[in-house]
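Working notes, structure below.
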Amino acid sequence: MYIVLKDNTLPCDIKKLTDLIEAKNLGTIVIEDLGKVKVGVLGNKKSISKDEIESMEFVEKIVDITKPYKFASRDFKVEDTIIDVNGVKIGGDNFVLMAGPCSVENEEMIFEIAKEVKRFGGQFLRGGAFKPRTSPYDFQGLGEEGLKYMRAAADKYDLQVVTEVMDSKDIELIAKYSDVMQVGARNMQNFSLLKELGSCGKPVLLKRGMSATIRDLLMAAEYIIAFGNREVILCERGIRTFETMTRNTVDINGIALIKEKSHLPIIIDASHGTGRRSLVVPVTLASIIAGADGAMVEVHSNPNCAISDGEQSLNFEEFEELCKKLKKVLVLRKELKA
Ligand code: PEP
Ligand code: MN
């Protein structure tokens, strides 16, 4: 449920309303949408009296949200959410490129890759320092050492950092180095982690679980919002299907549908989505036409020697090709929208 306020409602009246709701042990979320102030009620609305709220002279109307993903939905907020990461905007008419290795392997490689990411117009450096590997015997990441290298490389080349947090106990440490907190596919429904990220103070990039429906993804985003953090970036990274020739199947339907159903930005990760280097460029471009607000790609100076995910990582020439084509496709998308 949300409450639409009349135009020019005073801040003290907004506070009167949020205090009233919060006194019932419910949360509030105050946004501006289509020029209106809206106050969302988080929690079981049965404990508040609609009559009491409606009788407040600055209240225009009360609207029930029937969708299970309430505050992630366009039913609550019609306008696109734009997330500002130190001046880099994600969502709306903006397009963001996040690139880097699967894992931070050493200091030299992350600096070398960061330089290329910047050179070809990327805004974010990605890279795992805490890696969710299928085998416990595989490289698990450099941990804090990797975070330090990534932060230093990003700072040198004026990039933002996005890196995965696998465990609630690491949130504080990772938030010290990272600008955006990534939740990996394997943790999309780790509800205790999602709840904790509600108060981490950083935007969250939430990857779709490999067996998660679109509704599951939006419900996971709802957890983060309900626990206090409205800055959620969704990520389509492919789902498991019966197909075995690719690692996953990118759900392009999902990208287009999420743009209809949710105001949150969504980015495409065709590296994990396809698992094949040769498919990363075409599938990224297709996802942009479908409406993706950004792309994440794995890039490595020497993919054949990468410690993880080399087979889906672009080398620098391929990355350059992607970036050139990206620009053309963004122009085409604008034309198609007009
Ligand atoms: C990653 O981006 O490093 C990663 C592990 O991806 P996913 O969680 O989508 O598998
Ligand atoms: Mn990877």
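For every residue, the table says whether it meets (1) over 19 Å from LEU193 (Cα atoms); (2) in contact (Cβ under 8 Å) with a residue 40 or more places away in the chain; (3) in a helix (DSSP H, G or I).
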residue: PHE130; (1), (2), (3): no, yes, no
residue: ARG133; (1), (2), (3): no, yes, no
residue: ASP138; (1), (2), (3): yes, yes, no
residue: GLU145; (1), (2), (3): yes, no, yes
residue: LYS148; (1), (2), (3): yes, no, yes
residue: ALA154; (1), (2), (3): yes, yes, yes
residue: ASP158; (1), (2), (3): yes, yes, no
residue: VAL161; (1), (2), (3): yes, no, no
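For region 210-238, which positions are out of contact with any strand residue (DSSP E or B) (no Cβ under 8 Å at 6 or more places or on another chain) and either away from ligand 1 (no atom under 16 Å from the Cβ) or of a type outside the set (Asp, Glu) (or both)?
Across region 210-238, the qualifying residues are THR213, ILE214, ARG215, MET219, GLU222, TYR223, PHE227.
Tell me, please, whether a residue that is more than 14 Å from ILE171 (Cα to Cα), in contact (Cβ under 8 Å) with a residue 40 or more places away in the chain and in contact with an Asp or Glu (Cβ under 7 Å, 6 or more places away or on another chain) can be found in region 221-236.
Within region 221-236 (the criterion being more than 14 Å from ILE171 (Cα to Cα), in contact (Cβ under 8 Å) with a residue 40 or more places away in the chain and in contact with an Asp or Glu (Cβ under 7 Å, 6 or more places away or on another chain)), the answer is yes, since at least one residue qualifies.
Quick grid of which residues meet (1) open to solvent by less than 50 Å² (accessible area, probe 1.4 Å); (2) more than 25 Å from ASP293 (Cα to Cα):
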position: MET98; (1), (2): yes, no
position: MET109; (1), (2): yes, yes
position: GLY121; (1), (2): yes, no
position: LEU125; (1), (2): yes, no
position: GLY128; (1), (2): yes, no
position: THR134; (1), (2): no, yes
position: MET150; (1), (2): yes, no
position: LYS156; (1), (2): no, yes
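Mind telling me which of the residues SER313, SER262 ends up being polar (S, T, N, Q), open to solvent by less than 10 Å² (accessible area, probe 1.4 Å) and within 16 Å of ligand 1 (Cβ to nearest atom)?
It is SER313.
The values are calculated or read from the model by the stated rules, or taken from the named source; none is laboratory data. Note that the structure is a prediction, hence the values are computed from the model and not measured. Don't worry about glycine lacking a Cβ; one is built from the backbone with ideal geometry, like all the others, and counts go over all protein chains shown. Ligands, DNA and RNA are stripped out before the accessible areas are found, and what is left, the full protein with its side chains, is counted by its heavy atoms. Shrake-Rupley method; radii C 1.70, N 1.55, O 1.52, S 1.80 Å.
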